[in-house]
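The numbers here are math on the coordinates, done by the rules we state, and not lab data. As the structure is a prediction and not an experimental result, all values here were calculated from the model. Cβ coordinates were reconstructed from backbone atoms using ideal geometry, including for glycine residues, and neighbour counts include every protein chain displayed.
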Amino acid sequence: MRHRPPAAVKAFEDGIEPEVVTARIAELKSDKEEALLTQRLARIPDLTQALRDASPEVKRQAFDAFGLRIEFDKAQRRIEIAPFDVIASQG
C-alpha cells in the first residue's frame with residue numbers, strides 16, 4: 001500500500017503557493033477553535049436572573065469564583081465586568 005502525503009504537501013506539489021496553504025490551514029484551525037468555544041459557552045447556564053436576585057455577598061462570591069472584577073463609572077453610568085487580569089493590565 002502506497003503512503004499518501006498530507007493534503008498540504010500535495011497542494012505544494014501541485015504548485016499552490018505555500019502562503020495560500022498556510023493561510024487556509026490557519027483559517028480552518030480558527031474556525032475549529034471558534035466552534036469549540038461556541039460549544040463550551042453554550043454549556044454555561046444563564047445566571048442573569050439568579051444574579052439579579054442574589055444578595056451582594058452571593059454576587060461577590062460568584063464573581064470571585066469566576067475571577068471577575070466589576071468597575072462602575074458613576075459619571076457615565078456604565079458597568080464593566082471583565083476577567084481580573086484584563087482590568088489589571090489596563091490600569
Residue (of ALA26, LEU51, PRO6) at the positive-pole extreme of the chain, dipole from beta-carbon charges: LEU51
Nearest-20 debye value, the chain charge dipole, Cβ charges on Lys, Arg, Asp, Glu: 280
Taking the convex hull of Cα positions in the range 1-87, its mean projected area over all directions (nm²): 11.0
